[in-house]
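We did not get these values from a lab; they are worked out from the coordinates using the rules stated. This structure is a prediction, so every number in the text was calculated from the model and none was measured. Here the Cβ positions follow ideal geometry from the backbone for every residue, glycine too, while neighbour counts run over all protein chains shown.
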Amino acid sequence: IQSRLPRFLGPPRPPDKTKRAMVVEKLQTIFDRGYVVLPSSKDFIQSLMDFFEVDKGITDIRLVYNGTSCGLNDTVWAPNFWLPTPSTAARVLGFGYYMVDIDLGGMFLNFPLPSLLQKLSGVDLRHFASEMGDAMKNSAARGNYRVPWTQCWMGLKPSPFMAVRFYYLAEEFARGNRHEKKNPMRWDCVVLNLPGDPKYD
């Protein structure tokens, strides 16, 4: 955090009546997956992010959670790191090499948002709460329509850094102790296979 935190608590835009049922279904999905949860107290949410629907084909929609509008990006810092382009990735390839592209679905949504940023990444569900699950209905009956977003979200400046950091921690955990005899990913030594070496294979 490098400057004063935002307090964006404006009311959400009213829904499109023709797409209301689809919006409710998408909102229920983010609840079911734990991307949003009921807050610990009514005053937990300090700032909101807007959301709206866009058409996805003819019979479906995509919900866009527009966190950039709440001003949070102006207050947070993230280290700058460059991601490889196809040309830089190709530099390490030799003749007969293969590459694979791994598309991790919902990459940011796999990783948690720090609790401080959850307070600043709320979603106001007042227009839809009465049609959602019992927990949300009960919360709305008490006048609490706002829920915190718990995972890294698209558009948040530090999301790429946090997701990549967590991914590499998860990968290290999955590989386990290389000295453990029963670990299928164990290894004893590293054999370099370098282009230009007479023994290069």
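Taking 53, 180, 172 as the candidate residues, the one with maximal mean-square fluctuation in a Gaussian network model of the chain, Cα springs under 10 Å, is 180. For the stretch 110-201, the relative contact order works out to 23 percent when only alpha carbon pairs closer than 8 Å and six or more residues apart are counted. For the stretch 11-68, lysine pairs separated by 8 or more sequence positions, or belonging to different chains, with Cα-Cα distances below 18 Å total 4.
Using a/c under 1.5 as the rounded threshold, could you call the stretch 37-115 rounded, prolate or oblate? The axes a ≥ b ≥ c are square roots of the C-alpha gyration tensor eigenvalues, and prolate needs a/b larger than b/c, oblate otherwise. Verdict is prolate for the stretch 37-115. If you add up the charges near residue 42, with Lys and Arg at +1 and Asp and Glu at -1, over every other residue whose beta carbon is less than 14 angstrom from its beta carbon, what do you get? Neighbour charge sum, excluding residue 42 itself: +2. Residue 137 sits among other residues whose Cβ lies under 14 Å from its own Cβ, and their net charge, with Lys and Arg +1 and Asp and Glu -1, is 0. In the chain, Cα pairs under 8 Å separated by at least six residues give a relative contact order of 25 percent.
Each Lys or Arg adds one and each Asp or Glu subtracts one; over the other residues with Cβ under 14 Å from the Cβ of residue 29, this totals -1.
D for the chain, whole µm²/s, Stokes-Einstein with Kirkwood Rh over alpha-carbon pairs at 10 °C and 1.306 mPa s: what number?
Rounded to a whole number, D works out at 78 µm²/s.
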